[in-house]
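Written below as structure tokens is the structure these notes are about.
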Amino acid sequence: MCLLHMKKNEMAIVDDINLDVELKRRLAAMGFMKESRICVKHYGWFKSTVQVMINRSLIALRKEEAQQIQVHTI
């Protein structure tokens with residue numbers, strides 16, 4: 001399922017990240033990569049942004065970016 005379909009405070013594992021190489025590299029530097037455990041903390045209005053926690057760090061993603069990240073819940 002896509003990252004935007006998760007509920008708040010739900011835990012998941014990243015299956016695939018279908019973003020361009022540069023953005024993928026930046027996210028990997030923050031620990032956001034395949035097989036990472038993440039937790040959705042907040043959504044912006046109309047799910048325009050999503051805030052996820054990974055390794056005790058909060059990362060905000062745009063809707064378009066979050067749609068390209070596939071996860072499965074734990």
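Examine region 6-17 for a residue that is open to solvent by 20 Å² or more (accessible area, probe 1.4 Å), of a type in the set (D, E, K, R) and without any contact (Cβ under 8 Å) to a residue 12 or more places away in the chain, and state whether such a residue exists.
Checked against the condition, which is being open to solvent by 20 Å² or more (accessible area, probe 1.4 Å), of a type in the set (D, E, K, R) and without any contact (Cβ under 8 Å) to a residue 12 or more places away in the chain, region 6-17 yields no hits at all.
Does L23 satisfy the criteria of being in contact with a helix residue (DSSP H, G or I) (Cβ under 8 Å, 6 or more places away or on another chain), of a type outside the set (V, I, T) and more than 19 Å from M1 (Cα to Cα)?
Numbers: in contact with a helix residue (DSSP H, G or I) (Cβ under 8 Å, 6 or more places away or on another chain): yes; of a type outside the set (V, I, T): yes; more than 19 Å from M1 (Cα to Cα): yes.
Answer is yes for this residue.
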For region 40-69: of the residues being over 16 Å from M11 (Cα atoms) and in contact (Cβ under 8 Å) with a residue 40 or more places away in the chain, which is surrounded by the fewest Cβ atoms within 10 Å (Cβ to Cβ)?
K47
Which of the residues belonging to region 20-39 are open to solvent by 30 Å² or more (accessible area, probe 1.4 Å) and in a helix (DSSP H, G or I)?
V21, E22, L23, K24, R25, R26, A28, A29
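The values are calculated or read from the model by the stated rules, or taken from the named source; none is laboratory data. On a predicted model such as this, the values are computed, not experimentally measured, just so you know. Neighbour counts run over all protein chains shown; Cβ positions are idealised from the backbone, glycine included. Note: areas computed on protein heavy atoms with side chains; ligands, DNA, RNA excluded. Shrake-Rupley method; radii C 1.70, N 1.55, O 1.52, S 1.80 Å.
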